Amino acid sequence: MPTSSIVVEGKTFPTDSHTNVTQTIVDKIPRRLHLTPSHPLNTLRTRIESSFPSFTAINSLSPLVTPKQNFDDLGFPADHPGRSLTDSYYINKDMMLRTHTSAHEVQVFRDQVEKWLLIADVYRRDEIDSSHYPVFHQVEGARTFDLTTSEKIKQLEAENGAMEAKLTSSNIIIEDETVVGVDNPYQIEHDPYQASLVLANLKHHLNSLILNLFSTPAGGDKSEPLRVRWIPAYFPWTGPSYEVEVLFQGKWLEILGCGVVQNHTLVRSDVNDRLAWAFGLGLERIAMVLYNIPDIRLFWSTDPRFLSQFTDGRVTTFKPYSKFPPCYKDISLWVDVPSSDEASKPTRPFHENDFCDIVRDTVGDLVEDVKMIDEFIHPKTGRRSVCYRINYRSMDSCLSLTTFAQTQTNVTVRDIDPRITFNPLCDPPNQLCHGGWYSYNFSAVDKRTMTFGPSVETRFVLPSATFEFNDYGITSAKAASVSISIDGGTASLVNLTQMYNLNASSGIYFPVYAWSATNLDPNKEHKFYLEYAQSNPSGAGLWSGFDSLVFTPSTPTM
């Protein structure tokens, strides 16, 4: 839960209801991957800067900005989803981590910098998969033009002619059939001819940049001409606007967005009587393509087997040094839990990004992706239960069962969010039950039947299977006995509590068990039940399910 203050970049900030940044994110701020020698992002940054030798390079600005800088100054409407707590990281209501490099655009224009490149780390709450990360790096470039005299117009015409001639003699094919019209017009404040000169200058600069980046990529065919195409687009901060794609290894890849800067942005920046163009691109997206890096988490690796493959100024193909299998764990939880206590009621609905931040803050980069695999609305109470599958896969080492089981336990037991409670049993009976780890609170006799199915991801190739479960909430005594039986097979149960070294000093016992079943028919439905008896006067608790468990074949995952 948030404390009364938070320290970011050596500064202490008070927290409030907007505070949602986690310590995991704060700890990444000093990394500055784009300034780390020999890192792929640093090499890519320097290559981009070399394509604009007369531009001022700005690459060390603090990510701390105000919502005004990040949204208001750029004309974002008050209801824009990017402002929401589910999308952006807030230090408090008055301070946040920038979500894009454009947060500094107005100030740089106001400082009268005519030609500039701004490269920086940006922060967004997002899903977990191989191409998304809460911290990534953007490049924004812009140039302003004073075209108030015929002499300055002629200078720009000459510059454009020289750049076009150079591109014509280069090994590049540019597909540009775009037209300025009703769907992608010039701005009414601009003289159409002047705007066309600015647009042509933008296109020449960006075609040259792409040629510099992709003409000699690692593993590329240097004899084939580079193919680039321009596509009309819409961006609220430019007009006309375009996206640029490059044909790379047989596929068209979107590289960047660009356009002529909206006049009101320049007016807001006290840059009057000028026109400007701007573009933006993501470093990771291009680096993953150029270096053939398959997972965005690798950029944050400190493993020498990753870092030693790269040197400044060279683009080389990444050589995978490990191919470790995934380890799946499922976790179910009630979200937006009703509360009669006004003080404990959530201030906003649960969002999937909330859960992803919980996982990141607890597990770090051991998780490859998180996917919701089931959802259930209780027909009487209206409570919503969701089940997420957490796919553990380290990029640097093989994860043991003990490692990710303990990690999953940490995700489950931590005090995470007032909107979430873990879902112990499926209710009503026979509803599809979420797989994975559960917390159980036993009554004297509990005969509810649960359905775990229709299939289960097994840990070993059939005809054997394993499943782990844990048992929270037993405060009065340790378990006296736990037994398992299964029809059509042989079952055994092991107490793994000591293996996971769970701390019982609080007075709450957290036994962790694993069962294994052998001699199973992969085409048959196998039913089993677990029976629990506790050594206190209240009696015994009974599982009469996981009823109707069906095993399906899978490849080994350990």
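Some points to look at:
Conditions tested, residue by residue: (1) touching a helix residue (DSSP H, G or I) at 6+ places or on another chain (Cβ under 7 Å); (2) modelled with pLDDT of 95 or more; (3) of a type in the set (Ser, Thr, Tyr); (4) surrounded by 16 or more Cβ atoms within 10 Å (Cβ to Cβ).
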residue: Gln69; (1), (2), (3), (4): yes, no, no, yes
residue: Asp72; (1), (2), (3), (4): no, no, no, no
residue: Pro81; (1), (2), (3), (4): no, no, no, no
residue: Leu97; (1), (2), (3), (4): no, yes, no, yes
residue: Arg125; (1), (2), (3), (4): yes, no, no, yes
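- Pair list, Cβ < 8 Å and 6+ apart or interchain, from the stretch 16-35 residues that are within 13 Å of Tyr123 (Cβ to Cβ) and without any contact (Cβ under 8 Å) to a residue 12 or more places away in the chain to residues that are assigned to a helix (DSSP H, G or I) and aliphatic (A, V, I, L, M): none
- Against the criterion of being within 22 Å of Pro134 (Cα to Cα), open to solvent by 20 Å² or more (accessible area, probe 1.4 Å) and either at pLDDT 75 or above or among the hydroxyl-bearing types (Ser, Thr, Tyr) (or both), Arg360 qualifies.
- Within the stretch 166-175, being open to solvent by 60 Å² or more (accessible area, probe 1.4 Å) and either among the small types (Gly, Ala, Ser) or assigned to a loop (DSSP other than H, G, I, E, B) (or both) holds for Ser169, Asn171.
- The strands (runs of 3 or more DSSP E) found wholly in the stretch 71-150 and carrying at least 1 residues that are touching a Cys at 6+ places or on another chain (Cβ under 9 Å) and in contact (Cβ under 8 Å) with a residue 24 or more places away in the chain occupy 135-145.
- Candidate set: the stretch 23-64, residues that are over 22 Å from Thr302 (Cα atoms) and assigned to a helix (DSSP H, G or I); chosen: the one least open to solvent (accessible area, probe 1.4 Å): Ile48
- Of the residues making up the stretch 246-255, at least one is part of a strand (DSSP E or B) and within 21 Å of Asp121 (Cα to Cα).
- For the stretch 201-208, the criterion of a residue being buried (at least 16 other Cβ atoms within 10 Å of the Cβ), over 23 Å from Glu284 (Cα atoms) and at pLDDT 95 or above is satisfied by at least one position.
The values are calculated or read from the model by the stated rules, or taken from the named source; none is laboratory data. Only a predicted model underlies this, so the values are computations on that prediction, with no experimental measurement involved. So basically every Cβ, Gly included, is an ideal-geometry build from the backbone, and we count neighbours across all protein chains shown. Keep in mind that these areas ignore ligands, DNA and RNA; they rest on the heavy atoms of the full protein, side chains included. Shrake-Rupley method; radii C 1.70, N 1.55, O 1.52, S 1.80 Å.
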